[in-house]
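Engineer: Below: one structure in structure tokens.
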Amino acid sequence: MLRRSFLCNIVAASAGGVLLRAQAAGVSVAPLRDKLYLLSGAGGNIIIQEGPDGLLMVDSGLSDSTAAILGQTDKIGKGQITQLFNTHWHTDHTGSNVILGQKGAQITAQENVKTRLAKGQYMEFFKRKVDPMDPAGLPTVTFKDKGKIKFASETAHYEHLPPAHTDGDSIIHFHNANVFHGGDLLFNGMYPFIDYGSAGSLAGMAGNAERILKMVDESTIIVPGHGAVAKKGDVKEFADMLAGSLDIFSKNLKAGKTLEQMQADQPFKAYDGKWGNGFMKPEAWIAMNYAGMKQSA
């Protein structure tokens with residue numbers, strides 16, 4: 001019953017992530033800073049950097065938004081996307097990889113991202129099979145820990161963080177402009193989806209939120225995987241919510257509470273008003289983490 005109720009709250013589920021249909025309906029671009037732009041409405045948030053000979057893109061949105069994405073990028077500089085960086089494997093962040101790869105973009109991602117895209121995946125929580133990606137969309141440059149991309153006058157440093165949302169989560173920081181993309185390690189103003197089937201965990205999300213706090217400052221423009229552009233204070237609130245949620249789940253599981261008891265107790269009332277209005281409703285937040293933490297215990 002709880003699973004059915006949760007799925008009813010989801011208007012649409014991509015093969016590798018979840019989003020409301022309204023997000024995919026209107027793709028828009030807004031300037032961030034120093035020839036960096038935010039493209040939103042195509043799945044996960046996308047950063048575009050303009051260079052003299054082409055564009056660098058961070059994440060590629062949904063496959064059914066590719067035409068809309070290209071319609072917007074064609075208006076920026078020379079329009080050609082020459083480099084693509086994937087923050088993780090979910091298809092609301094990699095959906096346009098194949099087309100961009102076919103058009104000649106060099107695709108960079110952490111090695112676990114390539115492995116999961118190449119093999120295909122099954123997302124237990126959504127009961128969804130994700131087919132292997134066409135080789136044209138697979139990363140051509142992979143890394144284990146960290147690296148950097150020099151593009152135009154900018155140097156973008158990227159780093160793989162411990163498993164949290166998935167086991168391939170990476171952040172990328174455009175240091176000169178001080179613009180930071182956290183991928184789905186950051187959700188602004190909503191409970192995050194955690195892919196326990198891809199080695200994700202609530203503990204990992206809480207730990208990485210604290211790590212990210214040390215990577216940014218008060219002037220950093222922070223782009224989350226989903227939600228509005230954020231500041232350091234927003235990340236602090238997210239980190240505090242995750243730490244508090246982890247404590248609540250740990251205590252309830254230690255006490256032997258059942259899922260039904262936790263649902264009835266509504267232990268997240270203090271958080272639900274701010275964080276429970278996204279696609280991950282309060283009952284789904286409990287169901288997802290309860291199942292994931294029980295399985296990994």
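Engineer: Go through the residues of segment 86-97 one by one and say whether even a single one is under 20 Å from A152 (Cα atoms) and under 21 Å from the mean Cα position of the chain (by Cα).
Structural biologist: So far as segment 86-97 goes, yes, one or more of its residues are under 20 Å from A152 (Cα atoms) and under 21 Å from the mean Cα position of the chain (by Cα).
Engineer: Moving on. So, in segment 157-187, how many residues would count as being touching a His at 6+ places or on another chain (Cβ under 7 Å) and at negative phi?
Structural biologist: Count: 14.
Engineer: Looking at this structure, is E124 among the acidic types (D, E) and touching a strand residue (DSSP E or B) at 6+ places or on another chain (Cβ under 7 Å)?
Structural biologist: Considered against the rule, which asks whether it is among the acidic types (D, E) and touching a strand residue (DSSP E or B) at 6+ places or on another chain (Cβ under 7 Å), E124 comes out as no.
Engineer: Within segment 211-242, which residues are part of a loop (DSSP other than H, G, I, E, B) and under 18 Å from the mean Cα position of the chain (by Cα)? If you could, list the steps in order and put the result at the bottom.
Structural biologist: Taking segment 211-242 as the starting set, the residues that turn out to be part of a loop (DSSP other than H, G, I, E, B) are 214-220, 224-225, 227-229, 231.
M215, V216, P224, G225, G227, A228, V229, K231, listed by residue number.
Engineer: What number of residues within segment 43-53 satisfy the criterion of being aliphatic (A, V, I, L, M) and touching a residue at least 40 places away in the same chain (Cβ under 8 Å)?
Structural biologist: Filtering segment 43-53 down to residues aliphatic (A, V, I, L, M) leaves 46-48.
Next cut, touching a residue at least 40 places away in the same chain (Cβ under 8 Å) only: 47.
Counting residues in segment 43-53 that are aliphatic (A, V, I, L, M) and touching a residue at least 40 places away in the same chain (Cβ under 8 Å) gives 1.
Engineer: If you don't mind, there's one more thing I want to ask. Test each condition in (1) of a type in the set (A, V, I, L, M, F, W, C); (2) within 17 Å of T87 (Cβ to Cβ); (3) in a helix (DSSP H, G or I) for I194 and report the one that comes out false.
Structural biologist: All conditions are met except number (3).
Engineer: Check whether at least one residue in segment 163-174 is farther than 20 Å from E237 by Cβ and either at pLDDT below 95 or surrounded by fewer than 20 Cβ atoms within 10 Å (Cβ to Cβ) (or both), and report yes or no.
Structural biologist: Checking segment 163-174: not a single residue is farther than 20 Å from E237 by Cβ and either at pLDDT below 95 or surrounded by fewer than 20 Cβ atoms within 10 Å (Cβ to Cβ) (or both).
Engineer: Turning to a different aspect of this structure: Is it the case, given these coordinates, that G204 is farther than 22 Å from G95 by Cα and touching a Leu at 6+ places or on another chain (Cβ under 9 Å)?
Structural biologist: On the way: farther than 22 Å from G95 by Cα: yes; touching a Leu at 6+ places or on another chain (Cβ under 9 Å): yes.
Yes; evaluated as a whole, the condition is true for this residue.
Engineer: Could you tell me whether G182 is crowded, with 20+ Cβ neighbours inside 10 Å and farther than 22 Å from Q49 by Cα?
Structural biologist: no
Engineer: From the list A13, A42, which residue is in a strand (DSSP E or B), under 27 Å from M280 (Cβ atoms), at pLDDT below 95 and among the aliphatic types (A, V, I, L, M)?
Structural biologist: So the residue among A13, A42 that is in a strand (DSSP E or B), under 27 Å from M280 (Cβ atoms), at pLDDT below 95 and among the aliphatic types (A, V, I, L, M) is A13.
Engineer: Which ones in segment 112-124 are of a type outside the set (G, A, S), farther than 19 Å from D145 by Cα and in a helix (DSSP H, G or I)? Step through it out loud before you land on a result.
Structural biologist: Of the residues in segment 112-124, the ones of a type outside the set (G, A, S) are 112-117, 119, 121-124.
Checking which are farther than 19 Å from D145 by Cα leaves us with 119, 121-124.
Within segment 112-124, K119, E124 meet the criteria.
Engineer: So which of E218, E237 ends up being surrounded by fewer than 19 Cβ atoms within 10 Å (Cβ to Cβ), modelled with pLDDT of 95 or more and over 17 Å from Y271 (Cα atoms)?
Structural biologist: After applying the criteria, what remains is E218.
Engineer: Which is surrounded by fewer than 22 Cβ atoms within 10 Å (Cβ to Cβ), of a type outside the set (G, A, S) and more than 22 Å from M57 (Cβ to Cβ), of L242, L213?
Structural biologist: L213
Engineer: While we're on this one: I need the full set of residues from segment 243-283 which are in a helix (DSSP H, G or I) and closer than 30 Å to P31 by Cβ, in order please.
Structural biologist: Correct list: K274, W275.
Engineer: Report yes if some residue within segment 157-179 is over 13 Å from the mean Cα position of the chain (by Cα) and assigned to a helix (DSSP H, G or I); otherwise report no.
Structural biologist: There is no residue in segment 157-179 that is over 13 Å from the mean Cα position of the chain (by Cα) and assigned to a helix (DSSP H, G or I).
Engineer: Oh, and also: If a residue must be exposed (fewer than 14 other Cβ atoms within 10 Å of the Cβ) and not aliphatic (A, V, I, L, M), how many such residues does segment 251-273 contain? Talk me through it step by step, then tell me what you get.
Structural biologist: Restricting attention to segment 251-273, the residues satisfying the condition of being exposed (fewer than 14 other Cβ atoms within 10 Å of the Cβ) are 251, 254-256, 258, 260-261, 264-266, 269-270, 273.
Cutting the leftovers down to not aliphatic (A, V, I, L, M) gives us 251, 254, 256, 258, 260-261, 265-266, 269, 273.
Within segment 251-273, residues that are exposed (fewer than 14 other Cβ atoms within 10 Å of the Cβ) and not aliphatic (A, V, I, L, M) number 10.
Engineer: In segment 131-150, what count of residues is obtained for those that are surrounded by 20 or more Cβ atoms within 10 Å (Cβ to Cβ) and touching a residue at least 40 places away in the same chain (Cβ under 8 Å)?
Structural biologist: 3
Engineer: Can you name every residue in segment 63-91 that is crowded, with 20+ Cβ neighbours inside 10 Å and either under 16 Å from V113 (Cα atoms) or basic (K, R) (or both)?
Structural biologist: Residues satisfying the conditions are L84, F85, N86, T87, H88, W89, H90, T91.
The values are calculated or read from the model by the stated rules, or taken from the named source; none is laboratory data. Keep in mind that what you see is a predicted model, and the values were worked out from it rather than measured. Note that we place each Cβ from the backbone using ideal geometry, even for glycine, and neighbour counts take in every protein chain shown.
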